[in-house]
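Written out below as structure tokens is the structure these notes cover.
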Amino acid sequence: MKKAAKSSVMVYRLERLLDVLYSGDASCFYQRSKAFFASYRQQQAELCKAEQRWQHLQQTASASQAERQHARQHYSELQYQDEKGRLMRWADLQLLAEQLLQLSEGESNSETLAFSARLLGCLQIMVPTAKRQRERVQFAYKPLYRAVLSLRLLDHLLAQQLLDEPALVSHYQLRNRQAPDDCPYRQHVQLPIVMAILLQDIGLLHPDALGIIQGELAQFDSGRPLNIDERSRLLKISSDASLALLEQGFGIAPYKGNNKAEREQYFAAQQQRLHWLSQLLQLDPTDKTLFGSLLKVPQVYASIVLPGRQRFNYALLPKAALLMREGARRNEYNGLLVDQLLRITGLFPQGYGVVFTPLAADNQPQDRYEFAIVNGLYPQKPEQPNCRVVSRQQQYRNTGIDISLQTDYNLYFKVARERLEVLPEHRLKALLNALYQDGEARYLRKLLPRCWQPEQFFTEPAHQNLWQNATLKQN
């Protein structure tokens with residue numbers, strides 16, 4: 001029970017993080033960014049005007065001391081509010097990035113992979129599919145998903161010595177998982193990457209970008225088809241706006257202390273972080289190098305496996321790998337990077353619901369199926385996902401084994417479905433209704449489901465314990 005409680009706490013923390021990124025609250029990152037784009041020019045104009053008036057009165061002999069003092073106070077107040085806003089936005093961005101790292105990074109490689117799989121799986125299961133929720137998906141779910149994928153992909157590239165960027169390699173070699181606050185890799189590489197990804201799409205909130213996205217219907221629709229000109233203008237506006245928010249909307253928090261050397265080191269580190277953030281945001285989307293595609297490839301993958309696209313179809317999510325490889329063949333992004341990402345994810349996204357035929361004691365397939373959820377990265381083979389079994393004898397359960405699911409028994413594949421298609425229709429309907437009260441209504445046309453969607457199952461806290469240690473078996 002304690003492990004189940006921990007998993008529920010993790011889900012609660014993730015929900016809180018999603019709300020801090022996007023909600024109706026004016027203090028969330030989404031609303032703050034939107035307000036920045038809507039009012040920054042006017043605020044800067046007012047600040048400039050106030051400064052000019054104060055300087056003018058300073059040089060005007062007929063101006064009274066009271067007028068000069070009032071003008072200076074007005075300018076100082078506007079300057080203070082501007083700087084306060086910058087510091088708050090910077091602190092918010094750093095806190096969001098830190099919270100994501102706390103949820104995805106462990107004290108060992110295996111723990112980090114388990115935490116990351118859990119986070120990706122929760123995002124996939126919990127993501128809303130309703131069209132009215134597309135803004136929340138775009139500005140909360142997708143940035144977190146992309147960030148975790150990017151972190152794991154970067155770790156993989158560095159561990160396999162496929163990436164030779166000197167600064168990244170040197171920081172990676174000094175990695176210290178037990179002391180994250182003093183870890184160069186975490187502070188100078190991972191934290192800026194997460195911050196950059198949180199800013200990557202925020203430029204879509206610029207009024208000019210929103211005008212293109214919303215179109216004539218005046219509503220946010222990330223999946224609305226755009227012509228070539230619209231897409232080109234949108235990418236340019238969004239990229240420029242995200243960079244403007246970084247350069248004009250953030251300020252470095254003042255150093256706290258009296259040590260001159262530490263103060264200089266602090267500001268140098270902060271400036272270095274800002275500089276690298278700027279580099280990451282300005283990566284050329286047409287750059288096919290490993291480093292140039294580092295954020296692009298996870299972005300494309302997340303856009304396929306999370307709702308938002310017009311062609312989104314849950315049952316077909318394992319075809320994300322095919323779509324990615326087709327894009328690489330068209331030279332849209334780096335093919336090697338796609339291959340390395342798919343080594344990590346496999347064909348089946350984390351949190352995906354699979355249906356499989358269990359084996360009997362004699363290792364022969366039985367004439368029924370059970371449900372499982374993909375819960376592990378780095379499968380033995382891309383088409384053979386690591387899963388947690390969540391039903392037994394057609395009954396849901398909150399404890400189960402982990403399996404490496406072979407294609408012969410995974411109903412996503414034709415060979416497994418053919419084995420059960422010989423069962424009479426009344427038997428297939430009985431199997432459906434044993435797991436779904438409305439099974440017949442949901443799957444009447446396809447009595448053998450290729451997959452299942454576990455969001456309703458997952459709402460029960462006792463069912464959220466999918467990532468604790470369990471013996472991995474073959475099936």
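Couplings 3J(HN,Hα) of the stretch 283-297, computed from phi: 4, 6, x, 8, 6, 9, 5, 4, 5, x, 9, 4, 8, 5, 5 Hz, in residue order, whole Hz [Karplus 6.51 cos²θ - 1.76 cosθ + 1.60, θ = phi - 60°; x for Gly and Pro].
Dipole magnitude for the chain: about 760 debye, using +1 per Lys or Arg Cβ and -1 per Asp or Glu Cβ, origin at the Cα centre.
How much of the accessible area of the stretch 243-356, probe 1.4 Å, is carbon plus sulfur, in whole percent? Carbon-and-sulfur percentage of accessible area, whole number: 50. Annotation: per residue accessible area for the stretch 152-228 equals 45 Å², rounded to a whole number [probe 1.4 Å, protein chains only].
Look at the dipole of the chain built from charges on Cβ: of Gln44, Pro358, Ser27, the Cα furthest out on the positive end belongs to Pro358. Here, the stretch 1-80 has an Rg and a Dmax of 23.2, 79 Å when only alpha carbons are counted.
Taking the DSSP beta bridges in the chain as the whole, what percent of them are antiparallel, to the nearest 5?
Once the DSSP bridges in the chain are tallied, antiparallel ones form about 85 percent.
Computed from backbone phi with θ = phi - 60° and the Karplus coefficients 6.51, -1.76 and 1.60, the 3J(HN,Hα) list for the stretch 106-118 is x, 8, 8, 5, 5, 5, 4, 5, 5, 5, 5, 4, 4 Hz; x is used for glycine and proline.
Each part gets one Cα centre, and for the stretch 233-279 versus the stretch 387-426 those centres are 51 Å apart.
Among [x] 44, 27, 20; [y] 48, 25, 21; [z] 40, 33, 21, which is the computed semi-axes √(5λ) of the Cα gyration tensor in Å? Read-out from the structure maps to [y].
All C-alpha to C-alpha distances of the stretch 84-151, sorted into 5 Å bins beginning at zero, yield P(r) values of 3, 16, 21, 21, 17, 13, 7, 2, 0 percent in whole numbers. If you take the Cα centroid of the stretch 293-356 and the Cα centroid of the stretch 82-125, the two points sit 22 Å apart. Sorted largest first, the principal axis extents computed over the alpha-carbon atoms of the stretch 144-266 equal 55, 41, 22 Å.
Among Asp221, Asp208, the order of accessible area from largest down is Asp208, Asp221, computed with a 1.4 Å probe on protein heavy atoms. Note: the stretch 221-262, Cα convex hull, 110 Å³ per residue.
Placing unit charges on the Cβ atoms only, positive for Lys and Arg and negative for Asp and Glu, gives the stretch 150-245 a dipole magnitude near 240 debye about its Cα centre.
So for the chain, averaging the separation of alpha carbon pairs under 8 Å that are six or more residues apart and normalising by length, what relative contact order in percent results? So the answer I get is 16 percent. For the pair the stretch 169-204 and the stretch 9-77, the centres of their Cα atoms are 29 angstrom apart.
The values are calculated or read from the model by the stated rules, or taken from the named source; none is laboratory data. Remember, predicted model here, so these are calculated numbers, not experimental data. Heads up, the Cβs are rebuilt from the backbone with ideal geometry, glycines too, and the neighbour counts pull from every protein chain shown. Keep in mind that these areas ignore ligands, DNA and RNA; they rest on the heavy atoms of the full protein, side chains included. Shrake-Rupley method; radii C 1.70, N 1.55, O 1.52, S 1.80 Å.
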